[in-house]
Amino acid sequence: MASTDDGTRTRMTFPEEVRSAVTTRAALMVIGVLGLMVAFITSYAGAFHHPTPTDVPFGVVAPPRTGGQLVAQLDRLPGSPLDPRAVTSERQARQRIADRTLDGALIVDPRGTTDRLLVASGGGASLSQAVEAVVRGAEKSQQRTVRTVDITPADRSDSRSLTSFYLVVGWCVGGYLCAAILAISHGARPANGARAAIRLAALALYAIVAGLAGAVVVGPILGALPGSIVCLWGLGALIVFAVGASTLAFQSLLGIIGIGLAILVIVVFGNPSAGGAYPYPLLPPFWRAIGPALPPGAGTWAARSVAYFRGHAMTGPLLVLGAWAVGGVLVTLALSVFRRNGEGGRRPA
């Protein structure tokens, strides 16, 4: 029903009822949500439906007269599952696995037919198992056997080394939800630079608390992840702030639609490419390429380094997270100041 100027009511037609119930803006947002849903299904199914090892960094310790031949044989395996290279000694192989430059190494016994395979399931149990399956098949074809030695095993309370991934996912969710709440409370776009700075300061305070909460839950409370609580706390604060600041930047640029863009980047593309359930060498090329450049991937790699590899190989991931944090801050402040100046320039004297 609709009211006229004289107070009488007229019955609305069905098309008018539809237009009143579902506005054009709402319809466009529903279409956007549908697009996000399709992208979510496509991204997760595309990343996880057929994990296959490809060019896994792999070391070979063997006598010089047979080492080169073995490296060449492993390099020619169908599908190129391994990226083998000769290593001079077992000690060097162990060090490179600890530094996360190798994901496994084969120690050839020149006096027998049983070799040893060194793996590190702390970096991802699915990758260790995939490397073991490939090497066992190759050794069997040479009428040799292999004994697997896990030199950096995942903690017994950390099933398949997934706790670090779930921890980072939780931190990422906290980051973009906090930014979204700040936007919904009083406009997605800050009215001026001061308000943008206040939102960023509130986000920083929240990130510090969220980082500590996550580290305490997986550490002292659940005992699900080893490693330094202080290091995990700092990493968590950086992840939460990087994701939150990026979300604020998206919102400053696109308004409320920026929340959807944050979900697209962090959840739809970031989570399946993070190397959590399946580390990078098991992912298809697209997800393997984008994973290290997104916060979930950088955070998962860094969290596993803290937990199992004594903080090795963290420079790159920390630079990635820092870039997202700094970029989010600069874009948020710049757009808020520019918008304020633009509005001021249009006002009458």
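The values are calculated or read from the model by the stated rules, or taken from the named source; none is laboratory data. Source: prediction; values computed, not measured. Here the Cβ is made from the backbone with ideal geometry for all residues, glycine too, and neighbour counts use every protein chain on show.
Among the residues of region 13-72, none is identified as farther than 25 Å from ALA93 by Cβ and touching a strand residue (DSSP E or B) at 6+ places or on another chain (Cβ under 6 Å). Based on what the data block shows, is GLY104 touching a Phe, Trp or Tyr at 6+ places or on another chain (Cβ under 9 Å), in the same structural domain as TRP324 (by TED's automatic domain parsing) and under 26 Å from ALA302 (Cβ atoms)? Taking the combined requirement at face value, the residue does not satisfy it. Put simply, of ALA242, ALA197 the only residue that is more than 21 Å from GLY123 (Cα to Cα), part of a helix (DSSP H, G or I) and modelled with pLDDT of 95 or more is ALA242.
Return the only residue of ALA120, ALA86 being within 25 Å of PRO279 (Cα to Cα), among the small types (Gly, Ala, Ser), touching a Gly at 6+ places or on another chain (Cβ under 9 Å) and surrounded by fewer than 15 Cβ atoms within 10 Å (Cβ to Cβ).
ALA86
Note on region 163-181: residues that are in contact with a Ser or Thr (Cβ under 6 Å, 6 or more places away or on another chain), of a type in the set (A, V, I, L, M) and over 16 Å from ALA249 (Cβ atoms) total 1.
In region 140-156, the residues that are surrounded by 15 or more Cβ atoms within 10 Å (Cβ to Cβ) form Cβ pairs under 9 Å with partners that are among the polar types (S, T, N, Q) and assigned to a loop (DSSP other than H, G, I, E, B), at six or more places apart or across chains, as follows: ARG144/THR113. Restricting attention to region 222-237, the residues that are assigned to a helix (DSSP H, G or I) and either surrounded by fewer than 24 Cβ atoms within 10 Å (Cβ to Cβ) or free of Cβ contacts under 8 Å to residues at least 60 places away in the same chain (or both) add up to 6.
Applying the condition of being under 12 Å from ALA307 (Cα atoms) and polar (S, T, N, Q) to region 157-185 and asking which residue is surrounded by the fewest Cβ atoms within 10 Å (Cβ to Cβ) yields THR163. Answer yes if at least one residue in region 260-272 is under 28 Å from LEU330 (Cβ atoms), in the same structural domain as ALA204 (by TED's automatic domain parsing), of a type outside the set (A, V, I, L, M) and crowded, with 24+ Cβ neighbours inside 10 Å, and no otherwise. Looking for residues that are under 28 Å from LEU330 (Cβ atoms), in the same structural domain as ALA204 (by TED's automatic domain parsing), of a type outside the set (A, V, I, L, M) and crowded, with 24+ Cβ neighbours inside 10 Å, one finds at least one in region 260-272, hence yes. Can you find, within region 3-32, the residue that is modelled with the highest pLDDT among those that are closer than 29 Å to ILE266 by Cα and surrounded by 12 or more Cβ atoms within 10 Å (Cβ to Cβ)? Looking at residues that are closer than 29 Å to ILE266 by Cα and surrounded by 12 or more Cβ atoms within 10 Å (Cβ to Cβ), I get GLY32.
Got at least one residue in region 97-111 being at pLDDT 95 or above and basic (Lys, Arg)? Taking every residue of region 97-111 in turn, at least one turns out to be at pLDDT 95 or above and basic (Lys, Arg).
Residues in region 39-69 that are farther than 21 Å from GLY291 by Cβ and of a type in the set (A, V, I, L, M) were compared, and the one that is surrounded by the most Cβ atoms within 10 Å (Cβ to Cβ) is VAL60. Can PHE286 be described as surrounded by 15 or more Cβ atoms within 10 Å (Cβ to Cβ) and touching a residue at least 12 places away in the same chain (Cβ under 8 Å)? For PHE286, the condition - surrounded by 15 or more Cβ atoms within 10 Å (Cβ to Cβ) and touching a residue at least 12 places away in the same chain (Cβ under 8 Å) - is not met.
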